[in-house]
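Below: the structure, in C-alpha cells.
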Amino acid sequence: MLNKSLLCFIVCLAAIVKLKAQTPIDYVDPMIGTTNFSVCNPGAVLPHGLMSVVPFNVMGSDLNEFDKDARWWSAPYEKNNKFFTGFAHVTLSGVGCPEMGTLLTMPSNKLDVDYHNYGTTYSDEAASPGYYAVSLDKYNVRAEATATLRSSIERYTFKKSGEHYIFLNLGEGLTNETGAMVKRVNDNEIEGMRLLGTFCYNSQAVFPIYFVMRVSKTPKQNGYWKKQPQMQGVEAQWDKDNGRYKLYTSYGKELAGNDIGYYFTFDCAENEQIMVQMGVSFVSIDNARENLDAEQQGFDFDKIHREARKNWEETLNRVTVEGGTADQRKIFYTALYHTQIHPSILQDVNGEYPLMEQYGIGKTSANRYTVFSLWDTYRNLHQLQTLLYPEQQLDMVRSMVSMYKEWGWMPKWELFGRETWTMEGDPSIPVITDTYLKGLTDFDISTAYEAFKKSATVEGNKNKMRPDIDPYLERGYIPLGAYSQDESGDNSVSHALEYYVADAALARLADALGYKSDAQRFRSQSLKYKDYYSKEYGTLRPRKEDGSFLTPFNPDDGADFSNAPGFHEGSAWNYTFYVPHDIYGLARLMGGQKKFVEKLQRVFDEKLYDPANEPDIAYPYLFSYFRGEEWRTQKEVKRLIDTHYKATPDGIPGNDDCGTMSAWLVFSMIGLYPDCPGEPSYTLTSPVFDKITLHLDKRFYPNGDLTIETSRKNADDYLIKEMKLGEKQLKKYRISHKELINAGKLSFKLMGF
C-alpha cells in the first residue's frame, strides 16, 4: 500500500504533467463574454470564418416577442437565458446592434412549428473553439455543432426511439429584416434565401443570404409551413397543433413569405444520430451548394470537428505564454480567440463575392473580407493583426482598397458588401496607414492614398465619408447641428475628433510617400482640435453655429452611455484626451504636464473612464508620455485588467466590438499597446506573464520570434524597475514597431509599489 507522501507526490506530479500538456486552445473558454452586454457567443466558428453556428436563446426580432428570456436584444445567445430555439447560422460577435442570427435549425418530437412551443430549456453545455454541444431537456436530445469556413454540420442524438422532427425556421432571427424563400430539391435537401440587413437601423443596407441544407437520413415525410395572417372580420381556423402556422404537407415547389419554414419527419431508433449540413453564400444558391460540396464530403462530424480544432490550434499558437495563473492564461487566450473571429471571409470557394454597394459579382484569388467594424477596430485590432497575422492583415487592407475601386469610397462600417454608416470618422485611413508604415506594403498604396485624399478634401454633399466636411475645412471644427449618418444624434465634437485622428495619420502617410505639401496641410487640419478646448471647464466643449461655446454645459453629461450634445456614446471626459497624435500639444493647452497628469488621473479616480467603450480606451497609456509618470500607466492597466476582465461569462466590460476589447487585453497583458492609431509605435507597460513568445511570421519579420521576459520577486510586483531592448538598457517607454520586431528580446524587471 502506498504511503501518504508517495501518493501525494504522484497526485502532484500528475497535475503538473496535465498542466504542461495544455496548449493555448485548451485555455480558451468561449463562455467568457456571453453576458454583461459583451455579445460574444459560444458557437462553432473557424478563424475569420464566414459560417458560425450559434445556440439561439433569444426569442425573436420583434422586441414584443421577447417574452421568455429578454436579456439584451443584439445577442443571439445570452448566458443567463435558458430557452433554446435552435442553432443560428452566420452571426456577428460582439456588436451592439441586432443583425444576422437566422436560418434556425431545431430538433423536436412533435410537429408543432411555433417556436414559443418547440423551444426548450437545456443543460450540459460544452464549448471549445470550433465546437458547441448542449442537451435539450424537453426532447432528451444531445445537439452538437461544428463548422468549416462556409458550411456547418450538426449532429443530433435522439436518445429515445419514436417519431422526431428537424425544423428550419426562416422567420425568426436577430435581423430587423423579414422575407425568405425555401425550395425542396429532393427528400434530403432544400435550398433557399433569407433577406438580412438594416444593421443599426440603416434601412437601405439589406442583402440576401443563400443556403443549401441537407439531412443525413431520408425522412419519411417533409413539408413547409407558413404563418397565416388573421384577416379582419374572418373567423380564424388555425391548425389545432400549430395555431397560426399552416402546414403544407403535399406541396413540393418553392414557398416564400415572412414567417416560413420547413420540416423533416423521421422514425428514429434509440440513440440514433441524424446530421444536418448547411452551406451558405452571399452570391447565389449554386455557390452555397458548391461551398458545401467543396468543404464537406459526406456526413463526417468528427472529421470536421478535428479540422476545426486544428485550425484554431494553428491560429492561437502564434503566442506562447509562460507563468501567470490558470485564470490569466484563460482570459488571455480567450481574448486572442475573440480577436480572430472578425473580419470574416466573404468569397466563395470559386472566388466570387458581392461587389461593394453594387449589383454585380466580383471574383478574387485571395481572401475578400467583410464585417469591418472600423470605428472600433482601427484602434488596436488591426495593429494586432499586423503584428501577429500580417498575411491576413494584408488581405484585409486589399479588401478595403478593392471596396474603394468598386464604389468610390473606403468602408466605414461595412457588412457583407453594404455600408451601414455606423458611428463616425474616416477609420480606414489610420488602419491602412498603420499597416503601410509598419512595413506591410504589398498592396495598392497609390489607390489607397487617392481614396484618403478624396474623403479628406472633397467638399459639399458629394463627400459620403465626411458629410459635414464643409465646416470642418472652413472653421477647423464642426459646430452643433451635424447629425450622424447612423441617425444617432448631434455628435459634432466626436465627428471632428475622429477626423483629426484620420488626418494626422494621413499626414504621416503623405510624408512617407513624398507628398510634403499634403503632409503639412493634413497635419495642420489635425491640430484644430484646440478650438474645442474650454479653459473654463478644462475639457473639450461643443461650439454652436455662431462660434460660441455651448451653454449650459456639463462635462459629465453622457457618462451613462447616452448621447450628450456634441458627443457620441460618452461624456466630454471620455473624449477630451482623445487627441493621440498630439498629446504634448494637449498638455500645453491644459497648462502643462502636471495639470494634464492630474486631470487624466482624475478621470480614473472619479470613475469617469469607461472601460466598455472605445473613445477613452487608450487613456491609461497616456501617462507614459511624461517622464516620471509612467508608473501610473502600469498601475492603471493592472487595475483595469484585474477589475474588468475575468474568466467568467461576465469577464468582458461591455460590447467586445468585433474583438476590440479583447485586443486591448491581449496587448495589455503582453506589455505593449498601440495608443496612437496610424503611428507605428507602442507604449510599454508591465507584462502579466513571466515569458511571452510572439512567433512572428518570418516572411514579413525575418528576425522571427520576439521574446518578452519578466522577472519579479513577488507575484504582485508590477512597477517597472528596469527594461532592456535586446541587450541594451531602455530608458524610454515608447518604442517604434521597427525597434520591437528587430530586437528579438524585450526584458523587464519589476518591483512592488
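Here are a few things to note about the model shown:
- By a 1.4 Å probe calculation restricted to protein chains, Thr121 has an accessible surface near 70 Å², given to the nearest 10.
- Given 11 as the ceiling on other Cβ atoms within 10 Å, longest exposed-site-free region of the chain for trypsin sites (Lys or Arg not before Pro) in DSSP loops: 254-534
- Cα-based helix-to-principal-axis angle, 390-407 vs the chain, degrees rounded to 10: 80
- Computed from point charges on the beta carbon alone (+1 for Lys and Arg, -1 for Asp and Glu), the dipole magnitude for the stretch 331-459 about its Cα centre is near 120 Debye.
- Those lysines that a straight Cα-Cα span of less than 22 Å connects to Lys110, excepting residues fewer than 8 apart in one chain: Lys68, Lys82, Lys138, Lys159, Lys160, Lys217, Lys220, Lys226, Lys227, Lys240, Lys246
- Around Gly439: net Lys/Arg minus Asp/Glu count, Cβ-Cβ under 15 Å: -1
- Computed in the context of the full set of protein chains, the accessible area of the chain at 1.4 Å probe radius has 48% of its extent on carbon or sulfur.
- The amide H of Gly223, built 1.01 Å from its N in the peptide plane, has Tyr263 as neighbours under 5 Å, considering only residues 5 or more places off or on other chains.
- Computed magnitude of the charge dipole of the stretch 598-666 (debye, nearest 20; Cβ of K, R +1, Cβ of D, E -1): 280
- Evaluated with a Cβ-only charge set (Lys, Arg +1; Asp, Glu -1), the chain carries a dipole of roughly 2100 debye about its Cα centre, given to the nearest 20.
- Neighbour net charge for Ala294 - beta-carbon separation under 12 angstrom, K R +1, D E -1: -2
- Applying a threshold of 28 Å to the alpha-carbon distances of Lys310/Lys438; Lys453/Lys530; Lys412/Lys594; Lys253/Lys363 flags Lys310/Lys438; Lys412/Lys594; Lys253/Lys363 as lying beyond it.
- Rounded tilt (10° steps) of 492-513 against the dominant C-alpha axis of the chain: 70
- Solvent exposure of the chain amounts to 37 Å² per residue of accessible area, where only protein heavy atoms count and the probe is 1.4 Å.
- In this structure the amide hydrogen of Tyr245, modeled in the peptide plane, comes within under 5 Å of the amide hydrogens of Gln228, Asp239, none closer than 5 places in sequence on its chain.
- For the stretch 299-397, taking Cα atoms only, Rg and Dmax work out to 16.3, 53 Å respectively.
- For the chain, the equivalent ellipsoid built from the Cα gyration tensor has semi-axes of 45, 33, 24 Å, listed from largest to smallest.
- With Cα atoms, 0 to 90° folded angle of helix 285-295 axis to the chain main axis: 80
- For Leu473, solvent-accessible area (1.4 Å; no DNA, RNA or ligand), Å²: 50
- Amide H contacts under 5 Å for Gly197, placed H, 5+ residues apart: Met100, Asn176, Glu177, Phe207
- Of Val185, Ser152, Ser108, farthest towards positive along the dipole that unit charges on Lys, Arg, Asp, Glu beta carbons give the chain: Ser152
- Estimated from helical segments only, the mean residue ellipticity of the chain at 222 nm is -8500 deg cm²/dmol, where each DSSP H run of four or more residues counts as -39500 (n - 2.57).
The values are calculated or read from the model by the stated rules, or taken from the named source; none is laboratory data. Given the structure is predicted, the values throughout are model-derived calculations rather than measurements. Cβ sites come from the backbone with ideal geometry, for glycine too, and all protein chains shown count toward neighbours. For the accessible areas, the whole protein counts, side chains as well, though only heavy atoms, and no ligand, DNA or RNA atoms are used. Shrake-Rupley method; radii C 1.70, N 1.55, O 1.52, S 1.80 Å.
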